[in-house]
Amino acid sequence: MKHFTSVKDVQDIDALVAQALLYKQQPALHSNLGTAKRIGLLFMNPSMRTRISTQVAARNLGMDTIVFNLDKEGWQLELDDDIVMNGTSVEHIRDAAPVLGSYFDILCVRTFPQLLDRDADYSEVLLSKLIAYSGIPIVSLESATLHPLQSLADVITISEHWQEKRKPRVVLTWAPHIKPLPHCVANSFSEWINGWGHAEFVITHPKGYELDEKYTQDASITYDQEAALQEADFVYVKNWSSYHNYGKVLSDGDGWMLTQNRLSVTNNAKIMHCLPVRRNLELSAEVLDGANSIVTQQAANRVWAAQAVLSQILNH
Ligand code: CP
């Protein structure tokens, strides 16, 4: 694996999941693989799970880590190639990226969509320019459109909980939120579940919250949450803002919060959320605290997902 920005960078998802589960059993299995190698983690917005799990994973492989809050501590970056830099931006990505490439062996970055201009967000300019100009492997810690390390941890978590021969019914359900949130977790989960190929995949959301078909084309999509939840084995709860009416919150989502009562039609489904979660808005506290919630295990698996990815890049 050269870079890791989407499921398309993965040759064999099953093998990557198996490697992650091996690291879960033996975290120090390859503790010298990254000796004398340095990994940089650049953040353009807050993070707890991604920031810490990637550092733990790098440490397990023997790597040194430097975390840099680029949004708060760095010079304001310019991404536009055809510009006279007489405004607020101080440093061009064409100059910064090769410098970062000289400091690190692997560079990880978390970007965030502005949710104002869909074409701008979906073009993933920062990520693609880091790949073009840094000269080293780039790992997405969540981009404007995708969150591949999260999705790999999600697939690992489902794998751990599923021993039956038939495919599990996995339902991604939209949840209410007060703020417009990105599409990246939902896009990425859809892309990974479809690429993995070992699940019956259903997406449910209110009208107006259709995602980019590029990611969801192989899923069954319904506006009827109760029908979607029938016989579900896993229910992944997540809010996202409108894709077609870009970045807008279209309604208060009344009636869409997942409660214990709503889950009664499922096959005793396990409940997933990438976290952070707003209790009693996106998901009821009784569900989050209930026996079927696997959100903590899902977050814990972020370490093994990151370790498997970094290991494959180091071995490239
Ligand atoms: N799920 C996730 O990416 O969490 P953080 O934003 O805390 O990293």
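Just so it is clear, none of the values below were taken in a lab; they were calculated from the coordinates. Being a predicted model, the structure only gives us computed values, none of them experimental. Neighbour counts are summed over all protein chains in view; Cβ atoms, including those assigned to glycine, are modelled from backbone coordinates with ideal geometry.
For this structure, a couple of remarks:
- About the Cα centre, charge dipole magnitude for the range 1-156 (Lys/Arg +1, Asp/Glu -1 at Cβ), debye: 740
- Charge sum, other residues only, whose C-beta stays under 14 Å from Glu78's C-beta, Lys/Arg counted +1 and Asp/Glu -1: -3
- Relative compactness, the range 1-142, computed as alpha-carbon Rg over 2.2 N^0.38 Å: 1.13
- The Rg/Rh ratio of the range 221-316, with both radii computed over alpha carbons and Rh defined as the Kirkwood radius, is 1.06.
- Alpha-carbon radius of gyration plus Dmax, which is the widest Cα pair, for the range 176-270 in Å: 13.1, 35
- With contacts taken as Cα pairs under 8 Å and at least 6 residues apart, the range 163-273 reaches a relative contact order of 36 percent.
- Distance between the range 110-127 and the range 37-87 - C-alpha centres, whole angstrom: 16
- The slack between Gln297 and Thr259, meaning 0.36 nm per residue of separation minus the straight C-alpha distance, is 11.6 nm.
- In units of the compact-protein estimate 2.2 N^0.38 Å, the range 168-210 shows a Cα radius of gyration of 1.23.
- Which of His92, Ala58, Ala269, positive extreme of dipole for the chain (C-beta unit charges): Ala58
- Rounded to the nearest whole angstrom, the semi-axes of the ellipsoid equivalent to the chain, taken from the Cα gyration tensor as √(5λ), stand at 33, 25, 16, largest first.
- Taking only the Cα atoms of the range 95-143, the radius of gyration and Dmax are 11.4, 34 Å.
- Listed residues Ser293, Pro180, Ile158: farthest to the positive end of the dipole of the range 150-299 (Cβ charges): Pro180
- Overall, the range 150-299 carries a charge dipole of about 180 debye about its Cα centre when +1 sits on the Cβ of Lys and Arg and -1 on the Cβ of Asp and Glu, all other atoms neutral.
- The chain, relative contact order in percent, only Cα pairs under 8 angstrom and at least six apart counted: 21
- Among the trypsin sites (Lys or Arg not before Pro) in the range 1-109, those placed in a DSSP loop whose Cβ has at most 14 other Cβ atoms within 10 Å are Lys2.
- Residue by residue, the range 99-108 carries 3J(HN,Hα) couplings of 5, 4, x, 7, 8, 10, 9, 9, 10, 10 Hz when phi is fed to the Karplus relation 6.51 cos²θ - 1.76 cosθ + 1.60 (θ = phi - 60°); x denotes Gly or Pro.
- Folded to 0 to 90 degrees: helix 148-160 orientation relative to the chain principal axis, Cα: 40
- Pairwise FRET efficiency - Ser220 versus Ser128, Cβ, R0 = 22 Å, nearest 0.05: 0.10
- Förster radius 30 Å - calculated FRET efficiency between Ile178 and Val90 (Cβ-Cβ, nearest 0.05): 0.30
- Of the residues Trp240, Ile193, Gln230, the one whose Cα sits farthest towards the positive end of the charge dipole of the range 150-299 is Trp240 (charges of +1 on Lys and Arg Cβ, -1 on Asp and Glu Cβ, taken about the Cα centre).
- Between the range 7-32 and the range 137-216, the alpha-carbon centres lie 20 Å apart.
- Taking the Cα centre of the chain as reference, the dipole from Cβ charges on Lys and Arg (+1) and Asp and Glu (-1) amounts to some 860 debye.
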